[in-house]
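Have a look at the structure below before the remarks.
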Amino acid sequence: MSREQKAVERARKAFFTGRSKSLEYRITQLKNLQRFMQERQKEIAEALKKDLKRSEFGTSLYETLGVESEINLALKKLKEWAAPRPVNKSIMTISDQVYIQPEPLGVVLVIGAWNYPWAVTVGPLVGAIAAGNAAVIKPSEVSSHTSKVMEEFLPLYLDKELYPVVTGGVKETQELLKQRFDHIFYTGNGMVGKIIMEAAAKHLTPTTLELGGKSPCYIDKNCDLTIACRRIAWGKYSNCGQTCIAPDYILCDPSMQDRVIEEIKKNIKEFYTENPLKCPDYGRIINQRHFKRLMSLMEGSSIAVSGEHNEAECYIAPTVLRDVKPDAKVMQEEIFGPLLPIVTVNSVDEAIKFINQREKPLALYIFSSDKKLIDRMIAETSSGGVMANDCLMHFSVSSLPFGGVGDSGMGRYHGQHGFDNLSHMRGVLLKQLKMEAVNKMRYPPHTADKLGWARFFMVRHVDFGSLGRMAMLALLVVFAAVIIQRYFTD
Amino acid sequence: MSREQLAVQQARKAFLTGRSKPLDYRIKQLKNLNRFIKERAADITNALRKDLHKSANSTQLFEILGLEGEINLAVSKLAEWAAPRPVNKNLLTLSDDVFLQPEPLGVVLIIGAWNYPIAVTLQPLVGAIAAGNAVVVKPSEVSSHTASVMELMSLYLDSEMYQVVTGGVPETQELLKQRFDHIFYTGNSTVGKLVMEAAARHLTPVTLELGGKSPCYIDKNCDIRIACRRITWGKYLNCGQTCIAPDYILCESSIQDRVIDEIQKCIKEFYTTDPKAFEDYGRIINQRHYKRIMALLEGSTVAIGGDSDESVCYIAPTVLRDVTPASKVMQEEIFGPILPIVTVNGLKEAIEFINDREKPLALYVFSSSKKVIKQMVSETSSGALLANDCMVHFTLSDLPFGGVGYSGTGRYHGKYSFDQVSHLRSCLIKKLNMEAVNQMRYPPHTTEKLRWARVLLLKQINVTRWRQMAQVAVLAALAAFVVKRFLR
């Protein structure tokens, strides 16, 4: 039996003991995870520095703070999320109990990515634990130092049978994918996403695929360019552009291009100094393979800002490309690096057309002071999420489900969505063995008369929810009136 | 270009015109769908009689009424379902617009089944239309007469936007090569895997409404007469060809005889002493399934029924007793009018039995004991659980209908149908001001900035709760004012 098979079997066995069912147990595990994030800050930061040259502040700001926030939310809300959820009744079920019961699925596989290894590996894990599942965690081997930290330290804090960490590369992942899971949560690219879904299909396993794509960033003529470019520069060059929701490329009117370039240049200098190579807050490309990939993307395009690089350090300076053509190399794939192409378009219509000719992106960014324009862009395009006048921040709003559509992915997480996504929402209807007379209308022999009754009960829709609320409101007003009359008047 | 490819292309072209976006259009199409089932009632009834020996009233009761209910619900609720859905904010987004915008996915493929062809093919269609998608409908070729009638939908609906493609396995395979934005399949898990594999090639999300063996546990402590009435109805409806039919019974041996007795009485009451001649008793869909079901009887003891007639695909309402777990009838979903009784020594053994098997689409428990029911709920899993009745959860549009594990993925009915084939797009609309707040996130990163980030990110504000409390306060003040002025 392979190591991977063993890990999955052990996790399933542990799940079947039923110990992850109790909320106390899940809360203990989540608190342990919280302790891990707090106590091992140093190890986490060191590993990220080696993997991505992330500064310690960067680690906190972009990774651990988010995960901490998710754990806090889960701890606070778990009871509410896991409780039976009442459902509107119909005339037919007025005396019955009707609700939706959240249940664990079983054994979840979480395959992490390398760019924000904690956010995208431990983030989903929070939802998996909260929902009462066992989870096999497969960190990305590309962020190898972080992977080691996960392998070494997570088992010291979490139930190591229920939440095993399985490290390895392609081979080990393929072996894992042969096993049967109850949900597979994958973060990465579309090519591997297809392979994962195909493997999942063999066991009818549902999947969440957090993929990527080219997230367009449209800058309207009508907007404060200084602020817009500041936010875009930040969104683009954080983590050296290796963010699934980084603004991939800019669309703007040709008359604005020079000003945009100026502003971005100013912000690059302000954020990362004259020499980003020496700046502790500027990262590195994850490895040489991606470095080479990015360098070749620049071919054929005009460099407007910087363009320096250093292969030995996997360093590429924050770069802006101008007058980029739709068929340029850099426009053929998700960049995932610090190259910001500007493609000029002559109108909003053209921008919308350009966006819609391509796959639905994970994020769409619109910079404009014109609300009507923003509304129009939202109405005439589609994307995983859309953000106006800023970048990346929707990731941190836990009430907003985070996920893609079409080639950018399926499923979602963050906050309660993480819990729900990895739960089974079981419909429950509890009737009693009485009032049998009512059932007559459904039993054979089926007559026109019985049919008439059935029609009455089933086709009419009475909203008990709002009727109930109105009744309550009326009652409240009457009650208040009575109290006031009695005690506050003479 | 194949016929299937053309249909999908036409649907996509129609979708890209944007005409399915306005709610008026969708409501019009839904009303047209309603007209279709009303005006073509005779055609539909005849087709179902030929396909499954369904009586006219059966068709109305078990196919049409539910569909009509779903259409009416969608029409009356569409504005609400399609509207932006506000979400809780955090401190950082207090002055922003934060909401979910429901959007159509694009082109949805609906592959129907043959057992309730109208209900399981057209109910998903209601959701797909309501959500603003284009749809390719592929009715099951097994219920061939109903498939032909469904082709008439093109006379009522926008025939480019909503294509009906009939055919068998090769046509379905050809369809599955095309790219869709969602595939909704109802059927069995073997084909379900193939559908999901094909969908994976285009990263297309799927809803798979599959099946399995839905267990039916009868507790000693219950009104066995009423329980058996409801079980009998649930089992033999449509000749047992219902995805959520109680597949087999689990009960203690001490009540087995009583159960058999009661079921026998009900069979007689519902289907007369000659079900074969009775209008409201159905037929097996075709000879292949007839042979399959008859073969399942091997090795088991018939307690009631067992007679059959291959020439008309008739199998009598049948009950098997003392069935062993290893017998043929317990190896696959029966999907026929055979009701095995497997005896167990109480609830614990029943739960073990259920958990040794794949998660079913439905789980039925008959008991007067709340404790028993509670235990069943908490120690098993299934698509849905119903206590003290069968199947009726299907008609509750507020309960999500779907499976888990091998019984399926995804859900529908009511608003769930709409949401299932929509993209709920996260929207965060900020303004280009208050730039000072953003300072904490820009490099150079400092401890001080980090401290601020911590405060602003880790605090959750429940804006909805505050709004509700404010509303109640205003209401109370209003009431006080009214009283003071008018009720003295």
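Overview of values
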| read-out | value |
| --- | --- |
| Of residues in segment B:105-138 being within 14 Å of the chain's Cα centre (by Cα) and within 14 Å of another protein chain (Cβ to nearest Cβ), the one nearest to residue B:25 (Cα to Cα) | B:126 |
| The listed residue being touching a residue at least 24 places away in the same chain (Cβ under 8 Å), among the hydrophobic types (A, V, I, L, M, F, W, C) and under 30 Å from residue B:409 (Cα atoms), out of A:345, A:405 | A:405 |
| Subset of segment B:299-326 [assigned to a helix (DSSP H, G or I) and either without any contact (Cβ under 8 Å) to a residue 24 or more places away in the chain or of a type in the set (Ser, Thr, Tyr) (or both)] | B:310, B:311 |
| Residue match in segment B:441-456 (condition: within 30 Å of residue A:375 (Cβ to Cβ), within 7 Å of chain A (Cβ to nearest Cβ) and touching a residue at least 60 places away in the same chain (Cβ under 8 Å)) | no |
| Count - residues of segment A:97-113 that are over 15 Å from residue B:393 (Cβ atoms) and either assigned to a loop (DSSP other than H, G, I, E, B) or touching a Pro at 6+ places or on another chain (Cβ under 9 Å) (or both) | 8 |
| Residue that is nearest to residue B:359 (Cα to Cα) [pool: residues in segment B:374-403 that are polar (S, T, N, Q), without any contact (Cβ under 8 Å) to a residue 60 or more places away in the chain and more than 7 Å from chain A (Cβ to nearest Cβ)] | B:380 |
| Close pairs (7 angstrom Cβ cut-off, 6 or more residues apart or separate chains): without any contact (Cβ under 8 Å) to a residue 60 or more places away in the chain and within 14 Å of chain A (Cβ to nearest Cβ) in segment B:272-291, of a type outside the set (Phe, Trp, Tyr) and surrounded by 18 or more Cβ atoms within 10 Å (Cβ to Cβ) anywhere | B:275/B:316; B:275/B:317 |
| Verdict on residue A:375 being in contact with an Asp or Glu (Cβ under 8 Å, 6 or more places away or on another chain), more than 7 Å from every other protein chain (Cβ to nearest Cβ) and surrounded by fewer than 19 Cβ atoms within 10 Å (Cβ to Cβ) | no |
| From A:268, A:245, A:219, residue being within 29 Å of residue A:411 (Cβ to Cβ) and surrounded by 22 or more Cβ atoms within 10 Å (Cβ to Cβ) | A:245 |
| Residue pairs meeting the criteria (Cβ under 8 Å; at least 6 apart or on separate chains; first away from chain B (no Cβ under 13 Å), in segment A:257-279; second assigned to a helix (DSSP H, G or I)) | A:259/A:225; A:260/A:225; A:260/A:229; A:264/A:229; A:264/A:232; A:264/A:233 |
| Subset of segment A:7-45 (residues that are in contact with a Pro (Cβ under 9 Å, 6 or more places away or on another chain), assigned to a helix (DSSP H, G or I) and not hydrophobic (A, V, I, L, M, F, W, C)) | A:10 |
| Near pairs, Cβ below 8 angstrom, 6+ apart or cross-chain, from segment A:1-18 (touching a residue at least 40 places away in the same chain (Cβ under 8 Å)) to any residue that is among the polar types (S, T, N, Q) | A:4/A:179; A:5/A:179; A:8/A:179; A:14/A:20; A:15/A:133 |
| Test: residue in segment B:11-23 that is in a helix (DSSP H, G or I) and more than 14 Å from every other protein chain (Cβ to nearest Cβ) | yes |
| In segment B:163-185, the residues that are within 14 Å of chain A (Cβ to nearest Cβ), buried (at least 17 other Cβ atoms within 10 Å of the Cβ) and not hydrophobic (A, V, I, L, M, F, W, C) | B:181, B:182, B:185 |
| Qualifying positions in segment B:286-328 - of a type in the set (A, V, I, L, M, F, W, C), crowded, with 16+ Cβ neighbours inside 10 Å and out of contact with any Leu (no Cβ under 6 Å at 6 or more places or on another chain) | B:293, B:294, B:296, B:297, B:303, B:304, B:313, B:315, B:316, B:320, B:323 |
| Segment B:216-254: number of residues that are within 11 Å of chain A (Cβ to nearest Cβ) and of a type in the set (Gly, Ala, Ser) | 2 |
| Hits in segment A:72-96 - residues which are facing chain B (nearest Cβ under 10 Å) and either assigned to a helix (DSSP H, G or I) or at pLDDT 95 or above (or both) | A:72, A:73, A:76, A:77, A:84, A:92, A:93 |
| Members of segment A:51-108 found to be surrounded by fewer than 20 Cβ atoms within 10 Å (Cβ to Cβ), within 30 Å of residue A:393 (Cβ to Cβ) and among the basic types (Lys, Arg), listed by number | A:76, A:77, A:79, A:85 |
| Identity of the residue in segment B:186-215, polar (S, T, N, Q) and crowded, with 22+ Cβ neighbours inside 10 Å, that ends up nearest to the other protein chains (Cβ to nearest Cβ) | B:204 |
| Residues that are at pLDDT below 75 and charged (D, E, K, R), drawn from segment A:458-490 | A:460, A:463, A:469, A:490 |
| Selected residue (only one of A:245, A:285 is at pLDDT 95 or above, within 13 Å of chain B (Cβ to nearest Cβ) and in a loop (DSSP other than H, G, I, E, B)) | A:245 |
| Helices (runs of 4 or more DSSP H) within segment A:162-237 that include 1 or more residues in contact with a His (Cβ under 6 Å, 6 or more places away or on another chain), at the interface with another protein chain (Cβ under 9 Å from one of its Cβ atoms) and in contact (Cβ under 8 Å) with a residue 60 or more places away in the chain | none |
| Checklist (1) surrounded by fewer than 24 Cβ atoms within 10 Å (Cβ to Cβ); (2) more than 17 Å from residue A:186 (Cα to Cα) applied to residue A:114, failing item | (2) |
| Exclusive hit being without any contact (Cβ under 8 Å) to a residue 12 or more places away in the chain and more than 9 Å from every other protein chain (Cβ to nearest Cβ), set B:141, B:63, B:70, B:80 | B:80 |
| Selection count where residues are in contact with a Ser or Thr (Cβ under 8 Å, 6 or more places away or on another chain) and not β-branched (Val, Ile, Thr), scope segment A:284-302 | 1 |
| Candidates A:404, A:427, A:415 - the one that is within 18 Å of residue A:112 (Cβ to Cβ) and either facing chain B (nearest Cβ under 9 Å) or within 45 Å of the chain's Cα centre (by Cα) (or both) | A:404 |
| Positions within segment B:70-103 being touching a strand residue (DSSP E or B) at 6+ places or on another chain (Cβ under 6 Å) and in a helix (DSSP H, G or I), in sequence order | B:82 |
| So residue B:434, is it farther than 30 Å from residue B:242 by Cβ and more than 7 Å from chain A (Cβ to nearest Cβ) | yes |
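The values are calculated or read from the model by the stated rules, or taken from the named source; none is laboratory data. All of these numbers come straight from a predicted model, not from anything done at the bench. Glycine gets a Cβ as well: all are built from the backbone with ideal geometry, and neighbour counts include every protein chain shown.
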